[in-house]
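Encoded as structure tokens, the structure appears first; notes follow it.
The values are calculated or read from the model by the stated rules, or taken from the named source; none is laboratory data. None of the values given here were measured: they were computed from a predicted structure. Positions of Cβ are generated from backbone atoms using ideal geometry, with glycine treated the same way; all protein chains shown enter the neighbour counts. For accessibility, only protein heavy atoms count, side chains too; no ligands or nucleic acids. Shrake-Rupley method; radii C 1.70, N 1.55, O 1.52, S 1.80 Å.
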Amino acid sequence: MSVQAATLPAPAPGRLPTTTETPVHKTAEQELPLRPIGRAATALRFARRIPVTVGVLAVLVFFGIRTGTLWHAVDPESDLLRALSFGTPRLRDGQLWTFATGAFVLPRPEFYPLVGAILLVGLGGYERRLGSARAAAALFGTQIIGAASAALILLPFQHSSWSWAATLTDHVDLGLSAGALGVGGAATALFSETWRRRVRFCGQTYLVVLLLRSGLLWDVEHLMAFSTGMVFGPALAGRPRLHLHRPRIDSIRIRSCVAILVASVAVANVVDAAYPGLGGIFGSGLPSHTPMHAVGRAVAELAVVLLIADALRRGRAAAWWVAITGTFVVLVNSWASTRDVICAATVLLLLATYRNTWRWRTPDGFARRSLRRVAIAMAAFGTVWVVLIWALRAHFTPTPDLLDMLREAMARMTFDVGPLTPTGGSVRFALAMVTMAWALTMIVLLSTWMYADRGPDGGSRERLGRLLRRHGGGSLGWMRTWPAFSTWTTRDAQSAISYCVVGPVAIAIGDPVGPDDQRATAIAEFRQFCRYAGWTPCWFAATAAFLAAADDWQAVQIGEDTVIDLTTLQFVGKPWQDVRTARNRAAREGITMLTGRLADFPQELREQIERISQEWVSGKALPEMGFTLGTVTHALDPEMLTHVAVDRGGAVQGITTWLPVHQDCEVVGWTLDLMRRRPNGFRPVMEYLIAESAMLFKEKGYRTVSLSVAPLARRSQITARRGVLDRGLDVMSRLLEPTYGFQSLLAFKAKFQPIFTPVYLVYSRPADLLAISVAISRAYLPTVDTRQAAGLLLALRRSHPREGVAR
């Protein structure tokens with residue numbers, strides 16, 4: 001369209017262009033008014049796919065307008081509440097219809113957006129997956145069963161001495177929140193086994209803790225509805241019924257269960273602070289405090305507890321010490337509160353029983369330094385609190401003395417309520433700011449302590465070097481000795497694995513280095529090592545031999561290794577035309593190749609190499625990539641070779657570096673690592689350097705030359721079945737092609753007629769893929785900043801224009 005418009009003759013002077021002369025502008029103007037219509041049509045089509053969800057939301061809004069609950073809360077003593085609400089009193093009066101009618105009225109205005117969002121996402125997704133009939137059955141079935149079963153359970157306790165249960169027999173409720181949670185419980189049947197188990201345990205634990213600590217009527221209904229959804233969800237989904245079996249107990253599951261329990265207690269505290277309950281099932285049946293009481297303190301406590309829970313999940317011994325100390329303090333301070341005692345005693349019992357699960361130690365001396373910093377921070381903030389309370393002592397009741405100030409400071413350090421009550425809003429604000437600063441300080445100090453890694457598990461680089469020379473390690477063999485990688489060895493020290501830790505993921509490079517018949521043992525032991533460390537293991541650039549030894553792992557092809565057989569190498573025939581042309585042109589222009597160790601080159605030559613590399617990096621939207629891609633600094637390794645193309649004047653035109661490949665204690669081949677060329681220099685310098693290097697290696701009797709792995713580049717899909725991850729890798733490769741040229745690099749290597757060998761990303765569970773993808777991205781780009789990321793997005797946008805513009 002744009003080409004045709006450009007060939008039209010220009011309009012005569014003084015005459016307005018006609019419609020046919022400016023079709024592009026007219027079409028753009030005509031399309032603008034159609035966009036809102038198109039969006040409305042899209043929304044209508046989406047609504048037609050979820051009629052039950054849209055209908056329920058419409059009914060909720062209608063009743064909210066009719067009853068006025070859309071903009072103000074319902075009076076508990078109003079006629080509306082008596083006519084529509086459900087609960088044990090309605091069960092006693094025989095008003096069973098209220099269990100259906102009361103579901104469409106929410107008691108407070110703030111509940112409408114919350115419940116509406118949950119229904120739109122949860123019920124809408126469930127309806128799209130299983131259909132309207134099953135979605136309606138899941139929603140209304142769990143709502144009615146949850147509300148009615150709660151009323152039936154409480155009915156016998158009307159005149160009992162159990163204060164909490166007797167109080168709830170007079171309470172009523174409104175709303176569809178139980179049904180929304182019931183749909184969530186039913187939807188777990190659609191998840192994979194791993195995520196189904198996780199979501200169900202998290203949901204059940206949180207609802208039980210909330211019932212124990214808050215104990216409102218809807219807490220009982222929510223627990224019953226979610227459990228009902230779990231039971232009948234498989235039948236609605238057309239899957240086998242829920243089978244209750246004893247799960248296998250291992251270190252990861254124990255740590256995860258304890259972490260979820262700890263986090264659930266903290267989240268329940270925030271909910272109870274914002275909307276007070278009845279003190280739980282062991283409470284007095286009366287609200288324990290006013291709404292929004294100490295919410296800031298509860299949020300600060302939640303941030304610290306979530307940090308500790310995550311470290312517990314990862315197996316950090318420091319987190320175990322912090323958790324068991326904090327739990328013991330809570331147990332002592334809240335001995336009069338049955339609910340707090342039960343929660344604290346349960347956590348303490350689990351921590352003490354399974355104490356050997358948290359084995360990962362911090363570096364030597366790090367704990368002492370961290371505890372010293374914590375002690376200094378406690379003394380500093382304690383002083384700040386005492387000085388602040390003393391300066392504002394007139395605004396506290398009772399009037400504090402020095403002992404009261406110290407007690408208040410200690411209470412606020414544990415995010416608890418002290419003996420003093422501030423009387424002014426400005427005083428409460430000042431204390432809240434200090435509490436928030438204390439929470440942030442504790443988060444920073446605890447993070448540096450609990451997430452500190454001790455390092456490799458006793459494996460030394462010298463031992464790795466010996467194993468590499470004896471057994472080899474493939475094309476990426478010597479790369480394992482780079483400083484960025486840690487070394488782990490098996491118990492018998494016969495196999496070694498190189499890995500790097502990024503966040504919660506341990507990325508192992510290539511296959512284990514060691515005897516072939518011990519590969520499976522090394523893989524199993526490394527997985528156990530990662531479990532104790534709290535890491536998710538994966539293998540990057542593993543070979544088919546790895547897949548044969550690891551039957552219970554899953555894999556996806558991420559690239560192809562390119563290996564040249566030097567024993568049959570000859571630059572003869574049409575496929576080698578580009579390579580012969582590069583060599584002949586280099587001979588005519590006086591280009592020669594220098595070989596040796598980079599550290600042995602003259603200073604002037606090394607400065608040129610460094611300058612060319614810096615110019616190459618500065619021309620990229622993102623910084624130089626790391627991980628499996630080497631740098632000039634890596635080339636200083638005395639085991640590596642550097643080949644440099646120079647012209648007659650001594651100017652460097654290009655650089656390649658080479659990693660040794662060992663077998664039976666001798667070097668049998670070389671792997672291409674770094675490639676750099678001078679901008680606007682000798683254009684086919686890479687073809688020349690690789691060809692000359694291959695011939696030089698052949699003359700010296702080496703067997704192979706690897707052009708290394710081109711990540712995210714595949715000539716064809718090797719795996720028989722293309723999954724979501726395969727398609728995602730293809731999309732990522734296309735997006736990053738303009739910046740890093742993975743496919744172009746693979747096409748360049750194809751000029752040398754190599755043998756293509758697939759390499760794989762190997763992982764244990766599909767649920768780990770998101771964390772693994774983020775970890776690998778951070779490993780390749782560890783120093784990317786906001787400006788560089790924005791530059792990459794702009795480059796992607798320029799290289800991938802919108803479809804409408806391209807047309």
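Miscellaneous remarks
- Any hit, the stretch 134-155, residues being out of contact with any Pro (no Cβ under 9 Å at 6 or more places or on another chain), without any contact (Cβ under 8 Å) to a residue 24 or more places away in the chain and either over 17 Å from Phe226 (Cα atoms) or part of a helix (DSSP H, G or I) (or both): no
- Only one of Thr536, Thr521, Thr543 that is farther than 30 Å from Phe748 by Cα and touching a strand residue (DSSP E or B) at 6+ places or on another chain (Cβ under 7 Å): Thr536
- Considered as a group, the residues in the stretch 623-663 that are under 24 Å from Lys700 (Cα atoms) and part of a loop (DSSP other than H, G, I, E, B) include one that is most open to solvent (accessible area, probe 1.4 Å), and that residue is Pro638.
- Residue check for Ala550: of a type in the set (A, V, I, L, M), crowded, with 24+ Cβ neighbours inside 10 Å and more than 23 Å from Glu639 (Cβ to Cβ): no
- In the stretch 691-723, the qualifying residues are those that are of a type in the set (Ser, Thr, Tyr) and open to solvent by 50 Å² or more (accessible area, probe 1.4 Å), and the one that is modelled with the highest pLDDT is Tyr702.
- Scan the stretch 581-599 for residues that are under 49 Å from the mean Cα position of the chain (by Cα) and of a type in the set (Lys, Arg) and the total you get is 2.
Rundown of residues vs (1) in contact with a helix residue (DSSP H, G or I) (Cβ under 6 Å, 6 or more places away or on another chain); (2) open to solvent by 80 Å² or more (accessible area, probe 1.4 Å); (3) touching a residue at least 60 places away in the same chain (Cβ under 8 Å); (4) not β-branched (Val, Ile, Thr), yes/no style:
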position: Ala411; (1), (2), (3), (4): no, no, no, yes
position: Phe415; (1), (2), (3), (4): yes, no, yes, yes
position: Pro419; (1), (2), (3), (4): yes, no, no, yes
position: Gly425; (1), (2), (3), (4): no, no, no, yes
position: Trp438; (1), (2), (3), (4): yes, no, yes, yes
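- Total residues in the stretch 743-755, condition within 33 Å of the chain's Cα centre (by Cα) and either open to solvent by less than 40 Å² (accessible area, probe 1.4 Å) or within 18 Å of Gln570 (Cα to Cα) (or both): 1
- Subset tally (residues that are over 9 Å from Ala259 (Cα atoms) and basic (Lys, Arg)) for the stretch 309-333: 2
- In the stretch 585-602, the residues that are surrounded by 11 or more Cβ atoms within 10 Å (Cβ to Cβ), part of a helix (DSSP H, G or I) and of a type outside the set (A, V, I, L, M, F, W, C): Arg585
- In the stretch 364-382, the residues that are open to solvent by 80 Å² or more (accessible area, probe 1.4 Å) and at pLDDT 85 or above: Arg372, Arg373, Ile376
- Residue within the stretch 530-542 that is outside any loop (DSSP other than H, G, I, E, B), over 20 Å from the mean Cα position of the chain (by Cα) and under 30 Å from Val705 (Cβ atoms) present: yes
- In the stretch 491-508, the residues that are open to solvent by 10 Å² or more (accessible area, probe 1.4 Å) and of a type in the set (Val, Ile, Thr): Val501, Val502
- Taken together, Leu392, Leu402, Leu476 contain a single residue that is in contact (Cβ under 8 Å) with a residue 24 or more places away in the chain and over 30 Å from Leu707 (Cα atoms), which is Leu392.
- Residue ID - farthest from Ala263 (Cα to Cα), chosen from residues in the stretch 280-308 that are small (Gly, Ala, Ser) and in a helix (DSSP H, G or I): Gly296
- Pick from the stretch 431-468, criterion modelled with pLDDT under 80 and among the aromatic types (Phe, Trp, Tyr), ranking: farthest from Gln663 (Cα to Cα): Trp449
- The requirement of being surrounded by 16 or more Cβ atoms within 10 Å (Cβ to Cβ), within 24 Å of Val563 (Cα to Cα), small (Gly, Ala, Ser) and at pLDDT 85 or above is not satisfied by Gly477.
- Residue check for Ser288: farther than 22 Å from Arg108 by Cβ and polar (S, T, N, Q): no
- Taken over the stretch 523-533, the criterion of being touching a Pro at 6+ places or on another chain (Cβ under 6 Å) and open to solvent by 10 Å² or more (accessible area, probe 1.4 Å) is satisfied by Arg527 alone.
- Test: residue in the stretch 534-547 that is within 30 Å of Glu699 (Cα to Cα) and surrounded by fewer than 17 Cβ atoms within 10 Å (Cβ to Cβ): no
- Which numbered condition Arg580 misses (of (1) open to solvent by 70 Å² or more (accessible area, probe 1.4 Å); (2) at pLDDT 90 or above; (3) within 25 Å of Ser744 (Cα to Cα); (4) basic (Lys, Arg)): (1)
- Within the stretch 298-338, tally of residues that are open to solvent by 40 Å² or more (accessible area, probe 1.4 Å) and over 27 Å from the mean Cα position of the chain (by Cα): 9
- In the set (1) at pLDDT below 85; (2) open to solvent by 30 Å² or more (accessible area, probe 1.4 Å), His471 fails one condition alone, (1).
- Among the residues listed as Pro483, Pro515, the single one being free of Cβ contacts under 8 Å to residues at least 60 places away in the same chain, under 29 Å from the mean Cα position of the chain (by Cα) and more than 21 Å from Tyr763 (Cα to Cα): Pro483
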